[in-house]
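Q: Before I ask anything, here is the structure I am working with.
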Amino acid sequence: MSSAEEATLIARAESLIRQYNFVGARLLLAHALDKGSANAAFMMAQTYDWRILRSLRAYGVRGDAAMAREFYQQAAAAGIEEAQQRVEALQPDANVDTRVGGEKRSRPESRQRGRFASPNGPF
């Protein structure tokens, strides 16, 4: 995949995420992943990361730590340094409610509210 094609897909996915269209964003990111995009792996992980979803106030979107971990690991293997930190932060924790807005919290929220960060910076 060309860098221009990757940039177009990533930009469109970011736009869909800002509109809370996670299903559409995941479809675009899956296409970019199939073409080998490390940035798409990182962003896909964020669409499953309950901490990111909470910071976006994406009510009704359920996080999936296992999926997030899997995609962060792909991104880390491709050289995205922040992805490894995210993998470590997503260690299994039975006391955490992965629903956005859940009552139980075992660790403080570390992300800025309302910001979805791509490896190249928040949008």
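Q: Tell me which trypsin sites (Lys or Arg not before Pro) from region 1-49 have a DSSP coil assignment and no more than 13 other beta carbons within 10 Å of their own.
A: Filter output for region 1-49: Lys35.
Q: Something else: Please report the net charge: other residues with Cβ closer than 11 Å to the Cβ of Ala25, K and R +1, D and E -1.
A: So the environment of Ala25 carries a net charge of +2.
Q: Now for a different question. Provide Asp64, Asp49 in ascending order of the number of other Cβ atoms located within 10 Å of each residue's Cβ, fewest first.
A: Asp64, Asp49
Q: Tell me the chymotrypsin sites (Phe, Trp or Tyr not before Pro) within region 24-87 that lie in a loop according to DSSP and have at most 12 other beta-carbon atoms within 10 Å.
A: Tyr59
Q: Next question. Going by C-beta contacts inside 10 Å, put Ser3, Ser55, Ser15 in order with the fewest on the left.
A: Ser3, Ser15, Ser55
No value in this document is a laboratory result; all are computed from the given coordinates. Quantities reported herein were computed from a predicted structural model and do not represent experimental measurements. Positions of Cβ are backbone-derived with ideal geometry, glycine not excepted, and every protein chain shown enters the neighbour counts.
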